[in-house]
Amino acid sequence: MSLTPLNTDGTTMGRAEEHPGFADPDYVRRRNLIADRAEGRQVGEPSPEVHYTEAEHATWRAVHKALWRAQDHWACREVLRARELAPIPAEGVPQHEEVSDRLEALTGFRFTPAGGIVPNKRFLGAMAEGYFHAVQYVRHPAMPLYTPEPDVLHDVFGHGIHLADPFFADLYRTVGRAAARVDTADALDLISRVYWFTLEYGVTLEQRRPRAYGAALLSSFGELGRFAHADLRPFDLADLVRLPYQVAGYQPVVFTVSSLPHLAELLHGFLDDFDETTRDRYRLPVLSERGFMGRPVGR
Ligand SMILES: [Fe+2]
C-alpha cells in the first residue's frame, strides 16, 4: 500500500507520516488543544467555539479558492446543486454551530464534535439520529491542499455539502439506522466499508464521464485531480469488502455507480434490512483485514 501522496503538479510530497504537520510541535500542540476540547462530549452536545487564528483563516481561504474550482469541474451535478445551499463561507473557517444551524434547517443534521478516534458504532450510529461527528482543527498551513487526516475543511467541504441536501442526508440516515441495529465488529466494519467506498470515495458517471460525489474526494484538491485515473470499478459488494482501507495517500481503487438514484437503490437495498446475518446472506467473504477501527478518515 503506497502512502506516498502526489503533489498537485504530480510530484511526490513525501510519505504521509512526513507531512509537515507531524514534525511541527507548535502545530501539533494547537491541533491537540482543539481536538482535546471535544473529548468526553456526548453525541448531540454542541461543539465548543474555536477562536481561529488569521493563519488558519488564510489556509481556509486558499483551500476554498482551489477546491471550488476543482469541484466545478469534477463534482457531479447533484453535489454542485447541494453546494449552493451549503454553509461554506469564502472568507474564513466557520464555527461548527453556524454550520449546524444551517444544516439542521435544511435536513435536520448537525455536526457533533469528534476529538480523535470515534468507534464505528458511535460514528455510524449517530447518523441515524441526525448527528455527524466532525473535527474542528485546520490542516498545516505549509501544505494547504493536502492533509493526511480529516480536518474541518474535509468535514465542511465534503460532509457539509452532503448534509445540506435531503437526498444525501437520507443516505447518511440509512447508514446510521443499519449501524444502530448491529453490535458486532464484523457487521459494523462491513457497513463502514460500504460507507467508505460510497459516501467518502464514491464516483458517479455523467455521460460516461466520472464525476465525484464522495466527501473525501470533494474535499481534496489532489484527489479531484486524479480520481478519474484511479482504478475505476463498477460498484460491487464482494469486490469492495475485499479491499482494505487506504487511510493515507490517494485511494487507488474507487467504485462507480451509473447515477445517484442508482446509488440510493444500492444502499437502501443493502442496508434497509441489514443485520448480523447480512454478510452470510449475501455470501460476502469474511473481511480479510479488520478495517480501520474508528472514524473512517478522508482528506
Ligand atoms: Fe469524512
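The values are calculated or read from the model by the stated rules, or taken from the named source; none is laboratory data. The shown structure was predicted, so the numbers you read here are calculated from the model rather than taken from an experiment. Virtual Cβ from ideal backbone geometry, glycine too; neighbours counted across all protein chains shown. Keep in mind that these areas ignore ligands, DNA and RNA; they rest on the heavy atoms of the full protein, side chains included. Shrake-Rupley method; radii C 1.70, N 1.55, O 1.52, S 1.80 Å.
Worth pointing out:
- Accessible-area composition of region 16-281, carbon plus sulfur, in percent [1.4 Å probe]: 53 percent
- Region 16-281, accessible area per residue, ligands and nucleic acids excluded (1.4 Å, Å²): 38 Å²
- Helical contribution to [θ] at 222 nm, DSSP H n ≥ 4, -39,500 (n - 2.57), averaged over the chain, rounded to 500: -12000 deg cm²/dmol
- Dipole magnitude of region 16-281, debye to nearest 20 (Cβ charges: Lys/Arg +1, Asp/Glu -1, about Cα centre): 560 debye
- Positive dipole terminus of region 30-150, leading residue within THR147, ILE117, LEU106 (C-beta point charges): THR147
- Hull-based mean projected area of region 60-153, where the convex hull spans the alpha carbons, in square nanometres: 6.6 nm²
- For THR112, the amide hydrogen comes within under 5 Å of the amide hydrogens of PHE132, HIS133, ALA134, counting only partners 5 or more places away or on other chains and with H modelled in the peptide plane.
- Cα gyration tensor shape of region 107-239, rounded if a/c is under 1.5, else prolate or oblate by comparing a/b with b/c: oblate
- If only the Cβ of Lys and Arg carry +1 and only the Cβ of Asp and Glu carry -1, the dipole of region 73-151 around its Cα centre is close to 260 debye.
- Rounded to 5, percent antiparallel among DSSP beta bridges of region 16-281: 25 percent
- Magnitude of the charge dipole, region 57-210, Cβ model with Lys/Arg +1 and Asp/Glu -1, debye to 20: 340 debye
- Alpha-carbon gyration tensor eigenvalues x 5, square-rooted, for the chain, Å: 27, 22, 20
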